[in-house]
Each structure stands twice: as C-alpha cells, then as structure tokens.
Amino acid sequence: MDLTEYVEAKRKAAKKISSDIRERWNNRIVQRGLHLMGEAGAVQYLADYGRGIGTAKVIGFALCAESEGYPEMAIGFWKKAFELEIGEQPIDLNLPENSTANIAPKKATSRTKKNTAENPNIPELPPHLQPGRIVTMQPVDAPSDRTYYIENPDYWGQPKRDGNRVVAIATQDKVYYQSRSTNLRQQASIEIDRALMETAAKIGTFVLDGELYYKSCTGSEHRTGSQAATVNIESGLPTVQPQAVYAIFKCLFFQGKDLTQLAESERIEAGVTVGEMLVSLSPEFEILPTFRTAAEKLLLAQQQEAEAREGEVWILHECRYVGGKDVKNIRW
C-alpha cells in the first residue's frame, strides 16, 4: 500500500473528528500559528507533543487539518500516521490542491530508500561520529559524596537538566538528531533546526552533545512538550505553549577536528564557542554552565539543592570521550 491508497482508505473509514482533537487544534496549533506553516507545522507539533502518540490521534489531526482548509499541514500528519501504522516512511508527495484531492506520489517506488533515511553518511565525519552511531558518555551514580568532587580539582561540575540526551549533527543542508540509544529522532523545533543549519553554513559541520527539554510557563523542565503543556494548563495558561530548549554540554566535532580524542575541557570550550553563536540566533539554546573551582562547585551544589533538583554531573575534565558508562569519567 502506498500513501495515496492509505489516505483514501482512512478517509473512507473516518468518523467524526473528536472534541479532544478540535480542542488541541485550537489551543496548540492555531494559537501558535502552526497551521500556517504547512507540513513543517505538523512536524513541529509532533516534535512537541508526539512522544508516544497513537496512529488514530495522528489521523484525527490530519482529518482536522483538511476540514479546516490546511491540506499542506495534513500531509505532514498523514506521513506520520503511515509511518506509525505501516512501519515505513512514505516517499515525498506532490501537494494536493484541496483536502479531497489525491496525494500523488512522485515516480518512485512506494517504499522508502532506507540507506538514506536510516544510514546517513556525512563525508567529513569519522565513522564513530556518523548519525546513528555515536555512543554517548553516560554518568553513573557517584560513589563519593559531593564534598569529594567539590574539593577535587580533577573534577568539574555541570547542573543536571531534566530532559532527554540528544546529539545534534549539524550540516548546512540538514540536521540529524540522535538519542542516547543511537536512534535517529525527529527535530525538536523548527527554530532549533534553522539555527543549527545557519551556523553550520558559517563554520562547517559540527556535532553537539546535550540535553533536550521542554520548559513550562513556571520555568519547570520536562522530558516532553505535552508534560510542560499540562503544567501550563494547570497554571491557568492553557494557550501558552511549552518552549523547547537544547542545553549544550560540549562539542564532539568542530572545525574539521574530531574532539573525542582530546580532553573534556577542550570539548566544553568548543561547545561554548558554537553555543554562543546559536544563543545569539535563538532563545531555544542554552550553554550549560561549567563550574571549575571549589568555590564555584560549592555554589553549584547549593543551587541544585535549593531548587530541589536531582543533582549535579561531575566530569573528569582531562578525560577522553569514552562511550558508555565509565566509572571514572562522569558521575552524578
């Protein structure tokens, strides 16, 4: 079954669009103007609220977009529904003229060319830094108390963010986002995507290691956009949308150099350099602060405790980038 057949079948079987979908359309899509962004608006909505979303709900949004007169956005939802139910990504489509027009595929097979989508290759990157192959350095539970790391000059501290580990591989044409489990994932934000590509066009391909989280109107951090949206609703601000934030830990590739073979301090420094460019372009980036001296690290611990956060990340600042859980290099 190709996408055209899939969409026709789902339209025929469609029931009335639920009030739940209508409410989300008005409060989450129209309020942000996502319906005016075409297919990109659907991609953005799914990035913010689509974690664990079911096929039926995605189809509901596609039908809602069509009924409201936004067939371009509907295409984005139809593609996602097809991917969820069929297990494959559909090929690109010609834009329909109206909500009932056929979605005509280009002259190609109905199956995705998996070697491009699932196994991208960026010539300037070494094999271990290709999208989908980066094994991130993971923290382990600290065997010593905070005082040891605060007083030990070999360790630097960073605050822990409550989100998902995401590696961003940025080129001037495309950005790839990889999870800790090495799966490629959707973009988190159109604005984040744009800023990364714009920066890569200026300085060349780079790879960032960081944390993606969503901020609510109260400033609380969440792993998904829907969790942050729930806080906004409970706070009496249902139309205020959660903000995606990418917190930069460090840079793994910069100016044509593989930084994983160098000291952690150099990766952090490169992350600050790239981060300053990104922060100037968008408020959806954060350079995670690094605390180096004993006095700074004590302040970090006090701040984390006062804000009732999980803890801090303590990094051996002269270590190389070792994928997996290394008991010496990184703790929290």
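Of note:
- Cβ charges +1 (Lys, Arg) and -1 (Asp, Glu), total dipole of the chain, debye: 880
- Set 160/297; 174/257; 79/250; 15/80; 80/250; 10/215 screened for pairs whose C-alpha atoms are more than 24 Å apart: 79/250; 80/250; 10/215
- Largest GNM mean-square fluctuation among 184, 63, 36, using the chain with Cα springs under 10 Å: 36.
- Under a Gaussian network description of the chain, with springs only between Cα atoms under 10 Å, the residue in 196, 288, 237 that fluctuates furthest is 237.
- Taking the DSSP beta bridges with both ends in the chain, the antiparallel portion is around 85 percent.
- Residue-averaged [θ]222 nm for the chain, counting only DSSP H segments that reach four residues, each worth -39500 (n - 2.57): -11000 deg cm²/dmol
- As a length-normalised measure over Cα pairs under 8 Å and 6 or more apart, the relative contact order of the chain settles at 18 percent.
- Environment charge of residue 44, counting only residues whose C-beta is closer than 11 Å and scoring Lys/Arg +1, Asp/Glu -1: -2
- A cut-off under 12 angstrom between Cβ atoms defines the neighbours of residue 302, and their net charge, with Lys, Arg +1 and Asp, Glu -1, is -1.
- Rounded Å value of the spacing that divides the Cα centres of segment 161-220 and segment 238-266: 8
- Separation of alpha-carbon centers, segment 127-151 and segment 287-316, rounded to whole Å: 15
Only the coordinates and a few stated rules stand behind these numbers; no lab work does. Source: prediction; values computed, not measured. Neighbour counts are summed over all protein chains in view; Cβ atoms, including those assigned to glycine, are modelled from backbone coordinates with ideal geometry.
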